[in-house]
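Single-structure report; data block below.
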């Protein structure tokens with residue numbers, strides 16, 4: 001009984017922010033520059049962040065400086081390096097676009113500020129009930145240490161000028177690739193998109209998908225993944241370059257689809273094909289589609305490191321990102337095209353109207369065609385699959 | 001008085017170099033070394049232990065990475081050297097050194113990463129060459145499934161390195177040739193019945209090589225540890241050791257920092273071991289050369305080699321030019337599908353939006369480049385002036401000091417240095433980046449400036465002294481103005497080196513200081529060649545403009561001074 005109280009007292013002492021009201025946070029944030037560490041490989045996301053900076057500057061006097069990362073782990077490494085040097089305040093990272101393994105790693109090492117999500121006024125639009133998509137990140141409980149900002153869902157992309165009917169299951173994909181050798185590949189498994197592809201296959205092929213919600217262990221891993229490796233052993237020789245080398249990430253594979261070097265690509269964003277056509281990065285005939293039985297989906301979050309120099313500013317930005325107007329702007333396919341993270345049931349009439357007025361495109365699948373959203377397996381599966389894959393196929 | 005003043009000046013310069021250059025490298029190496037032996041309290045590792053090394057050896061593909069590193073490093077260096085020597089043999093006597101210098105200047109100015117990004121597009125199965133030949137000659141409606149870029153043997157990486165290193169070797173060979181009485185020896189050799197290529201190979205090359213040994217080691221160390229080229233052109237599964245190590249440093253699992261540090265230490269050992277091995281091979285080659293000479297055979301053997309080498313170098317430079325042209329064309333493109341030779345539609349959309357990022361990156365690049373170069377140039381002038389006034393010859397250890405940052409692989413000390421900088425509260429700012437880059441800019445400026453400085457006709461200074469000019473006046477009113485051209489050339493080289501820095505900018509800037517190079521390398525793994533093309537075009541244009549300025553300013557300033565508008569006055 002005593003321990004929780006002690007912990008709470010210590011937490012309160014360590015985190016003076018908890019005592020502040022939102023107004024005080026907004027006041028403290030004024031004039032701050034938030035260094036938002038975000039993967040910088042997508043020009044539209046970068047543009048969206050620049051737009052958000054203009055908005056929060058006008059509304060709150062806070063500016064955002066995007067630190068463009070090639071890999072989110074760079075920011076984690078930086079915080080680790082700062083902790084190594086004993087820099088426990090005034091850190092260089094104020095906010096990180098984060099997910100899954102990186103979140104788990106930072107949370108476990110106590111590198112995150114929080115919990116702060118409940119303090120954000122716009123958190124009232126979220127469904128934060130236990131087990132909801134916004135309260136679990138790759139099955140790791142969020143517990144208020146990161147705020148959602150965009151929804152992602154696995155889709156495949158193909159060029160309808162070259163492929164008439166794309167394969168809609170992993171079994172069909174193997175058949176298709178065997179019939180069209182060298183015309184399909186997936187991003188490197190060290191990249192999260194490549195790992196997601198294998199996870200999607202795992203959910204379809206594993207004997208008991210519910211086991212994936214628990215941690216992967218030495219005991220259950222082999223049985224759960226045996227069908228996956230059998231399938232992959234058959235698929236790999238049919239891949240582009242015989243499965244000896246892989247595109248670095250989904251962006252590079254999208255460029256290969258554009259060049260015609262492969263016929264199918266994949267994305268973690270249902271609107272990516274429509275967006276790429278809009279930008280001139282894919283032919284007009286590109287289409288996105290989901291697999292039978294649904295595809296993996298997850299929410300992207302922003303987290304604040306424990307030593308961030310501008311915590312208040314970061315909270316203001318996190319709150320701004322949850323604003324229904326911001327979420328509607330982000331869902332516009334001419335802007336980001338990423339689906340809103342808010343609970344539609346909690347939105348008012350006016351807020352819903354903004355979403356209904358958004359433009360559409362033939363490359364954008366309807367919500368119906370997208371099918372159900374499958375929950376991410378526990379992150380340990382991704383780690384163990386990536387390791388097992390590297391061991392099996394990296395010589 | 002002046003002699004003592006010179007000693008004092010040199011001591012001050014040495015102190016700056018020791019504190020600013022040697023100390024950070026030593027501290028960085030120490031940090032990396034500690035982590036390699038399992039000591040990094042931040043992630044709960046308290047060494048010493050050998051576990052990181054066992055972990056490193058057990059990482060999938062680690063041995064293949066090592067093999068690839070050695071193969072690409074040695075092959076690219078040896079190939080570049082042989083090609084440059086052959087091309088120099090061919091060009092010598094045909095063109096003056098200044099004409100050659102002007103022809104290779106663009107390739108010296110262009111950063112590795114920009115050239116590699118362009119090259120990757122030109123040679124890829126979906127690239128420009130394939131587009132030029134398809135479908136009429138090849139029958140390809142879609143790009144063929146060929147392993148060209150990111151090929152498992154690292155050939156594309158070797159090609160990229162060779163295109164960039166051959167011009168550098170040509171430059172240092174030209175410099176060395178000025179010290180060799182090549183024309184007289186050629187006449188003597190020919191009179192004895194040897195063919196020109198034989199004289200070149202057996203008489204002139206050994207004298208040239210003795211002078212360019214250090215630059216060769218620098219190139220070897222660089223090729224063994226290059227990261228940005230490895231990412232853009234090299235094999236990916238597994239990559240070369242330096243790329244694999246960078247990935248481990250940046251992996252979500254922070255425990256990988258330990259084996260990554262072990263790999264960084266291994267990288268330093270590999271570089272030093274490779275240099276020792278190269279040194280040993282030099283002896284063998286010279287023994288073999290002497291054995292061949294002793295047989296005394298005359299004739300025109302080897303002369304085909306010079307033509308062949310020059311032809312290959314010409315083709316490589318053409319490929320380089322094509323790469324640069326491809327970058328610019330992509331930056332102006334809207335859509336360009338396979339197999340069209342030219343874009344279907346053009347657009348200025350990326351150039352029209354500097355706010356999207358390239359504006360800030362270009363500004364950072366310019367500011368960092370100019371400040372770093374100014375610092376390095378000031379320090380180099382102070383060093384040389386100190387030597388001069390103190391009447392001191394350059395000691396071997398001082399030479400070693402200058403080359404230290406170029407021979408120890410960057411990856412070996414940058415992570416440790418980042419921790420040091422964070423501890424000092426210096427990380428993440430533009431100042432840290434400037435300091436980090438100066439470590440690499442200073443040596444090149446020093447190398448570029450030393451010879452012209454010493455070659456200055458001492459009578460000019462004696463005359464000035466006789467006319468009553470003090471040491472400061474002699475420096476600012478005589479020496480520096482007369483040396484304007486080499487000073488600006490050294491500055492241009494320094495600027496180009498600064499623009500090209502990738503790892504120091506990434507690590508010491510804590511990713512917060514975007515430059516054209518960091519952004520271009522990041523973008524090279526994205527889907528938009530048009531944006532990458534914009535960054536890479538700017539990245540090559542800035543150093544090129546500075547080179548052009550270094551050429552034009554003295555020509556204009558000295559337009560009425562014929563003797564001064566020459567190479568060194």
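Annotations
- Peptide B:528-534 has a mean shielding of 3, counted as Cβ atoms of other protein chains within 10 Å of each residue's Cβ.
- The stretch B:63-347 shape via C-alpha gyration tensor axes, a/c threshold 1.5: oblate
- Of the beta bridges in the protein assembly as shown, as assigned by DSSP with both residues counted there, near 60 percent are antiparallel.
- Tensor-based shape of chain B (alpha-carbon gyration tensor, a/c under 1.5 rounded, otherwise prolate or oblate): rounded
- Estimated 222 nm signal from helices in chain A, with DSSP H stretches of n ≥ 4 weighted -39500 (n - 2.57), rounded to 500: -12500 deg cm²/dmol
- Entry note, chain B: relative contact order of 24 percent, from Cα contacts under 8 Å with a spacing of 6+ residues.
- Cα-based shape type of the stretch A:282-390, given that a ≥ b ≥ c are square roots of the gyration tensor eigenvalues and the cut on a/c is 1.5: oblate
- Helix A:311-321 axis, angle to chain A major axis (alpha carbon atoms, nearest 10°): 50
- Contact order, relative form, for chain A: 26 percent (alpha carbon pairs under 8 Å, 6 or more residues apart, mean separation divided by residue count).
- In angstrom, the C-alpha Rg and Dmax of the stretch A:205-346 are 19.8, 52.
- Sorted peptide list for A:302-310, A:113-121, criterion being average Cβ within 10 angstrom, highest first: A:302-310, A:113-121
- Note on B:417, B:545: ascending count of other Cβ atoms within 10 Å places them as B:545, B:417, the fewest first.
- The stretch B:436-479-the stretch B:109-129 distance, computed between alpha-carbon centres (Å): 40
- Sites residue A:395 and residue B:137, calculated FRET efficiency, Cβ-Cβ separation with R0 45 Å, nearest 0.05: 0.80
- Axis of helix A:379-393 versus longest Cα principal axis of chain A: the two differ by about 40°, to the nearest ten degrees.
- Counting, for every residue in A:294-303, the Cβ atoms of other protein chains within 10 Å of its Cβ and taking the mean gives 0.
- D_trans [Stokes-Einstein, Kirkwood Rh over alpha-carbon pairs] for the protein assembly as shown, 4 °C, 1.567 mPa s, µm² s⁻¹: 43
- Exposure proxy ranking, count of Cβ atoms within 10 Å, fewest first, for B:8, A:381, B:278, B:128: B:8, B:278, B:128, A:381
- Taking every DSSP helix (H) stretch of at least 4 residues in chain B, weighting each as -39,500 (n - 2.57) and dividing the sum by the residue count yields a mean residue ellipticity at 222 nm of -23000 deg cm²/dmol.
- Using distinct alpha-carbon pairs, which all enter the 1/r mean, Kirkwood radius of chain A in Å: 22.0
- Whole-number percent relative contact order across the stretch B:63-347, with pairs defined as alpha carbons under 8 Å at least 6 apart: 33
- In this structure, residue B:16 and residue B:348 have a Cβ-Cβ separation that, at R0 = 56 Å, corresponds to a calculated FRET efficiency of about 0.75.
- Comparing A:364, A:257, A:173 in a Gaussian network model of chain A, where Cα atoms under 10 Å apart are tied by springs, the biggest mean-square fluctuation is seen for A:173.
- Kirkwood Rh and Cα Rg combined as Rg/Rh, the stretch B:44-100: 1.42
- Cα convex hull of the stretch B:144-242 - mean projected area over all directions, nm²: 8.5
- Distance-filtered residues of the stretch B:128-152 - backbone nitrogen under 11 Å, label point 7 angstrom along residue B:315 Cα→Cβ: none
- Computed extension gain for residue B:553 through residue B:145, at 0.36 nm per residue and net of the alpha carbon distance, reaches 141.9 nm.
- Rounded FRET efficiency, nearest 0.05, which uses the C-beta distance separating residue A:387 from residue A:59 and R0 of 41 Å: 0.35
- If you take the Cα centroid of the stretch B:207-285 and the Cα centroid of the stretch B:370-400, the two points sit 28 Å apart.
- Principal-axis tilt of helix A:2-14 within chain A, Cα atoms, nearest 10 degrees: 80
Each reported figure results from applying straightforward, stated rules to the coordinates on display, with no laboratory input. Because the structure is a prediction, the values reported are computed rather than measured. Neighbour counts run over all protein chains shown; Cβ positions are idealised from the backbone, glycine included.
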